[in-house]
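Before any comments, here is the structure.
We did not get these values from a lab; they are worked out from the coordinates using the rules stated. Being a predicted model, the structure only gives us computed values, none of them experimental. Neighbour counts run over all protein chains shown; Cβ positions are idealised from the backbone, glycine included.
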Amino acid sequence: MAMPWRQSLRLGTYLAKQKILRREKFPILVELEPLFACNLKCAGCGKIQHPHDLLKQRMPVEQAVGAIEECGAPMVSIAGGEPLMHPQIDEIVRQLLDRNKIVFLCTNAVLLPKHLHKFAPHRNFAWMVHLDGLRERHDASVCKDGVFDQAVDAIRQAQAAGFRIMTNTTFFDLDSPQDVIDVLDYLNDDLGIDHMQIAPGYAYEKAPDQEHWLGVEDTHQLFAKAFAGGRRKKWRLNHSPLYLDFLEGKVDFDCTAWAIPSYSLKGWQRPCYLLDDGYAATYRELIDDTDWASFGRGNDPRCANCMAHCGYEPTAVVATLGSLRETIRAAVN
Ligand code: SF4
Ligand code: SF4
């Protein structure tokens with residue numbers, strides 16, 4: 001099953017408008033990082049390696065909301081760092097919802113029970129909880145025992161309070177197809193997660209663990225085996241069918257990282273949140289002053305193993321909406 005219908009409808013309307021306006025490059029979702037600090041130290045994280053003075057900074061509310069308004073994207077994924085360590089994160093969420101944005105608040109969920117009362121369920125809001133596997137696997141991924149149980153408890157509390165819950169699971173070469181099946185079955189059937197996101201781990205240069213990234217062929221094999229027999233249709237995955245085909249190696253796409261830009265304390269990151277080729281002051285400057293053709297697999301060696309959502313899901317979404325057959329498949333899958 002693909003994306004939630006409200007999100008798909010909103011996205012379809014927005015993309016149709018971009019087509020009518022003949023815009024070639026436009027934002028679909030912004031990765032907003034209003035801080036880099038975190039309460040965990042995951043081995044695969046490329047964000048918590050920033051210098052101490054940067055880790056102490058928090059983005060002012062007006063700056064965060066102003067950047068989203070300038071860029072005009074309909075969806076915002078607030079990450080970090082751990083966003084719940086930002087003292088005004090509830091205000092940032094509220095102001096974005098007031099501007100009719102679809103907002104995902106990413107969290108490792110450790111602080112979620114403490115801060116839940118600051119938020120209210122909203123049709124355009126979902127918690128996005130980081131869960132990289134079942135208990136042993138997730139605790140190893142975040143380098144701390146007990147975090148899986150804390151996250152599951154937090155999810156249950158948020159569900160009981162009426163919130164929509166999504167999860168984000170990153171797979172590495174330690175994971176087998178059966179691990180993918182087991183964690184998605186658990187999230188879908190046992191925990192009742194509304195929609196799940198999956199990703200092959202990207203080889204961040206700054207991450208402490210440099211040994212367990214997936215290559216493109218590994219990614220194809222992992223997902224082709226995990227999805228075999230039409231299994232993926234029963235999971236509530238927050239992806240277009242074409243992006244899942246891409247993960248399985250059934251189709252190939254160019255990178256369109258300009259559609260999922262990243263805005264942080266340092267500005268608009270060039271060209272995407274995975275690479276670090278400088279920063280632009282505005283989204284317009286990012287679009288105009290970046291040589292987009294020099295990025296993507298086959299163009300930049302750093303992109304060689306990338307199959308990330310931020311580069312390739314937008315390409316899949318645009319291809320879906322450009323084809324009646326794919327649009328129908330996305331609606332019924
Ligand atoms: S929880 Fe997220 S931001 Fe924090 S260390 Fe882990 S991957 Fe990085
Ligand atoms: S392929 Fe695209 S999304 Fe991936 S690292 Fe390169 S520019 Fe970023």
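May I ask you to evaluate 6.51 cos²θ - 1.76 cosθ + 1.60, the Karplus curve with θ = phi - 60°, for each residue of the stretch 68-81 and list the ³J(HN,Hα) values in order in whole Hz, giving x for glycine and proline?
5, 5, 4, 7, x, 5, x, 10, 9, 10, 8, 10, x, x
Note the full-extension length gain between Arg284 and Gln178 as 0.36 nm times their separation in residues minus their Cα-Cα distance, in nm to one decimal.
On the way: separation 106, 0.36 × 106 = 38.16 nm, distance 4.36 nm.
Contour length minus the Cα-Cα distance gives 33.8 nm.
For the chain, set up a Gaussian network in which alpha carbons nearer than 10 Å are linked by springs, and say which option among Gly72, Gly230, Gly201 fluctuates the most.
Its mean-square fluctuation being the largest, the pick is Gly230.
With each run of n ≥ 4 DSSP H residues scored as -39500 (n - 2.57), what mean residue ellipticity at 222 nm is computed for the chain after dividing by its residue count and rounding to the nearest 500 deg cm²/dmol?
On the way: 13 runs with 123 residues, N = 333.
It comes out at -10500 deg cm²/dmol, rounded to the nearest 500.
How are the alpha carbon pair distances in the chain distributed across 10 Å bins from zero to the largest one, expressed in percent?
Pairs per bin, as whole percents: 5, 27, 38, 25, 4, 0.
For the chain, with a Gaussian network of springs between Cα atoms less than 10 Å apart, report the residue from Arg137, Arg236, Arg23 with the top mean-square fluctuation.
Residue with maximal mean-square fluctuation among Arg137, Arg236, Arg23: Arg23.
With springs connecting C-alpha atoms under 10 Å apart, model the chain as a Gaussian network and identify which of Leu274, Leu187, Leu321 has the largest mean-square fluctuation.
Top of the fluctuation ranking is Leu321.
Can you give the % of DSSP beta bridges in the stretch 5-332 that are antiparallel, to the nearest 5?
Among the beta bridges of the stretch 5-332, antiparallel pairing accounts for roughly 10 percent.
What area, in nm² and to one decimal, does the C-alpha convex hull of the stretch 179-333 cast on average over all directions?
10.5 nm²
Taking the beta-carbon count within 10 Å as an exposure proxy, list Val76, Val152, Val251, Val180 from fewest neighbours to most.
Listing Val76, Val152, Val251, Val180 from fewest to most nearby Cβ atoms yields Val251, Val152, Val180, Val76.
Starting from 0.36 nm per residue, how many nanometres of slack lie between Lys234 and Gln221 once their C-alpha separation is accounted for? Display every interim value, and only then the final one.
Numbers: separation 13, 0.36 × 13 = 4.68 nm, distance 1.98 nm.
The Lys234-Gln221 span can extend by a further 2.7 nm.
Over all pairs of distinct alpha carbons, what does the Kirkwood formula give as the hydrodynamic radius of the stretch 248-333, in Å?
14.0 Å
What ranking of Trp258, Trp5, Trp292 emerges when the number of other C-beta atoms within 10 Å of each C-beta is taken as an exposure proxy, fewest first?
Going from least to most buried by this count: Trp5, Trp292, Trp258.
Label Trp5 and Glu136 with points 7 Å out from Cα along Cα→Cβ: what is the distance between them in nm?
In this crude label model, Trp5 to Glu136 measures out at 4.2 nm.
Label-point separation (nm) for Lys17 and Leu40, each offset 7 Å from Cα along Cα-to-Cβ?
Calculated label separation equals 3.5 nm.
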